[in-house]
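Working notes, beginning with the structure itself.
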Amino acid sequence: MLNWRAIALVFFAALSGLRATAFADANTPATPATPPFSFGAETNYWPFWVAQKAPATPDNPFAAAGPAQTWDAAGPLAFSRPLDTRNRHDDGSTLVRGLRPFYVEKRDAAGQLTRLHILYPLFNWTRLQYADGLRGYRWDIFNLINHEHTPARNPTPEQPCENQFDIWPFYFSKQSSDPAESYRAVFPIYGNNVTGHLLLDRIDWFLFPLYFRRTLNNVVKTSYLWPIVTRTTGDGYDGFAIWPIFGSVQKKGVLDDSYFLWPFHSHTIRTDPDTGAVSENFALLPFYYSETAPGLRAESFMLLWGYSHRTAPVKRDEIRYLWPLWLTVRGDNIHRDRFAPFYTRTTTSDETKTWILWPLWNRQDWNDGTWQYRRTRLCFFLYHDTAQKPLPWPGITPGEKTKLDASPPARRTNLWPLFTYWTDGHGRRQFQTLSPLEVFLPDNEPTRLIYSPLFALYRYEQDAPGHYRHSLLWNFITYRREPGLAEFHLGPLYSAERVGDYKRHALFHGVLGMTKTPGKNWRPFAFKFKSLQRQLAEKDRQTAAQTSIAQTTPRDYPKVRQRM
């Protein structure tokens, strides 16, 4: 018969160095386990399956005995995880799962699909939610083939919804409850009443560029052999042009605009219909350009030298020594010195921006009325650091102001492509290496969910001081530490746990192992596959089921899993 005690002692003597590394304070008195937990108990069958249970909460104090909440399979490829309610992209989703990078979906608490990505950005599907409770959806293929299904603004039994479908730049269609807003168009053959494109109210064409008409704010420009012959009508405007030879557009008492041999000569006179103020632009490029208006006089010579002098509505003087590289600006709300590429500094009431040896180094300070920001960049994207703090609020006391000034900022730092570091300034931190995409798409949620984890050779997460987790090689090596609890995994090969005075070391998930309970020595075991946290949680749950909550005096470990 095999002597399991002797075999276990031999194996764990060989792993004594690894045990000491995983729990450097293993021989010191244990810290009592204290709530709350930020991370759940882990099951590690890397690379096939790595899962974490839900962190304990008052409603679920025995989470370690429950099902997996977060899991990864095949390294970082297959995954499922709940979405943090603090997520900055809140669209009602509570779960994200998929097979990176091929298929990723998000669902809400009712299990309904909210977003779907297939080989992002190849195919994307999004649920649309409206204030009146109605829903629609939108899907696109590379944003070139687009379909949108929305509730009709004036629904009818025959047409309760609106459907819009585009294949850029060839086919455009919309089916609406209002026949006047419906259309089907094929570019460049024929299009009639095409709305909502190119920032215009309406577009029409026939055998483009033979005939092309666009409408904006009731002003219609009709072109024949676009852009050569153009006629302008509507809202009092009257104009005609044969580009680039000459062109003219007038509106009585408002506009007189003309050009000759565009872009060499142009002349524009505008009159404000409310105040009667007249502004005039004259250009004879590249030799001379002038602009005049009430309180403004500006001139440029050879497009390189010039000045502008403004006295109303604000004072501002600009001198152009070698435009656009060398110039100075002085005004009521601006101070700018630009001697590019050597030095540029611009200061306004809410922003200061400095460049040195553009694009080598840049610093920008600004605020949006609620938050103040500082961004530092080296070579545009090589190094990128953004810090954020709240602005002093109205009625802030001197003590609150001192505390606010001393508080650390929220910060995101990228050193491309090596790492990304993030902190909220209140104890939450994240660090990842490698990170080649975050600096280019810092606020792009699909990139963060789908592609960034594929590069996460190492990842560190801290939910609060003393509550942190390390992951190396997509969870092959993990180490979790919380007050009174430590957990280490070397894939499925070796694991170590400590909860209060309870300790467990195991090979191959419990084929062989040693365990220690309070007041007793180490004891070997074999073929016990339940983790220490799960064993204690199941025992506590059984005890709680046998006695009423009012009569139960929790032991130390159930308190560990209670979360505030």
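No lab work stands behind these numbers, since they all come straight from the coordinates. This one's a predicted model, so the numbers in the text were calculated from it and none came from an experiment. Reconstructed Cβ throughout: ideal geometry from the backbone, glycine too, with neighbour counts over all protein chains shown.
Which order results if Met514, Met302 are arranged by neighbouring Cβ count within 10 Å, fewest first?
Met302, Met514
Please give the peptides 153-159, 438-444 ranked by average Cβ packing (other Cβ atoms within 10 Å per residue), highest first, as a rough proxy for protection.
Packing proxy ranking, top to bottom: 438-444, 153-159.
Taking the alpha carbon gyration tensor of the stretch 201-347, what are the square roots of 5 times its eigenvalues, largest first, to the nearest whole Å?
35, 20, 15
Which of the residue pairs Lys106/Lys530; Lys353/Lys389; Lys252/Lys315 have a Cα-Cα distance greater than 21 Å in the structure shown?
Lys106/Lys530; Lys252/Lys315
If you scale each eigenvalue of the Cα gyration tensor by 5 and take the root, what three semi-axes come out for the chain, rounded to whole angstrom and sorted largest first?
64, 32, 22
Rounded to a whole number of µm²/s, how large is the Stokes-Einstein D of the stretch 271-367 at 37 °C and 0.692 mPa s, given Rh as the Kirkwood radius over C-alpha pairs?
220 µm²/s
Which of the trypsin sites (Lys or Arg not before Pro) found in the stretch 242-351 are in a DSSP loop and have at most 11 neighbouring Cβ atoms, other than their own, within 10 Å?
Those satisfying the criteria are Lys252.
Apply 1/(1 + (r/R0)^6) to the Cβ-Cβ distance of Trp262 and Phe206, taking R0 = 22 Å, and write down the FRET efficiency to the nearest 0.05.
That pair, Trp262 with Phe206, gives E of 0.30.
Pull out the extension gain between Phe102 and His335, defined as 0.36 nm times the separation in residues minus the alpha carbon to alpha carbon distance; nm, one decimal.
78.8 nm
In whole Å, what are the extents of the stretch 279-331 along the principal axes defined by its C-alpha atoms, from largest to smallest?
29, 24, 9
With N residues in the stretch 114-208, what two-decimal value do you get for its Cα radius of gyration over 2.2 N^0.38 Å?
Here the Cα radius of gyration is 1.16 times the empirical estimate.
Pop the C-beta distance of Thr370 and Asp84 into the FRET formula with R0 = 22 Å and round what comes out to the nearest 0.05.
FRET efficiency, Thr370 to Asp84: 0.50.
Which helices, counted as full DSSP H runs in the chain, have an axial Cα extent of no less than 20 Å and a Kyte-Doolittle average of 0.5 or above?
Long hydrophobic helices here: none detected.
Taking the stretch 42-93, which chymotrypsin sites (Phe, Trp or Tyr not before Pro) meet the DSSP loop condition and have no more than 13 other C-beta atoms within 10 Å?
Phe48
How would you order 263-269, 402-408, 116-122 from highest to lowest mean count of nearby Cβ atoms within 10 Å?
Sorting 263-269, 402-408, 116-122 by mean packing, highest first, produces 116-122, 263-269, 402-408.
Compute the Cα gyration tensor for the stretch 235-311, then decide on rounded, prolate or oblate, letting a ≥ b ≥ c be the square roots of its eigenvalues: rounded whenever a/c is under 1.5, prolate when a/b is larger than b/c in the other cases, and oblate in all that remain.
oblate
Using the Cα centre of the chain as the reference point, and only Cβ charges (+1 on K/R, -1 on D/E), how large is the resulting charge dipole? Debye, rounded to the nearest 20.
Dipole about the Cα centre, nearest 20: 2600 debye.
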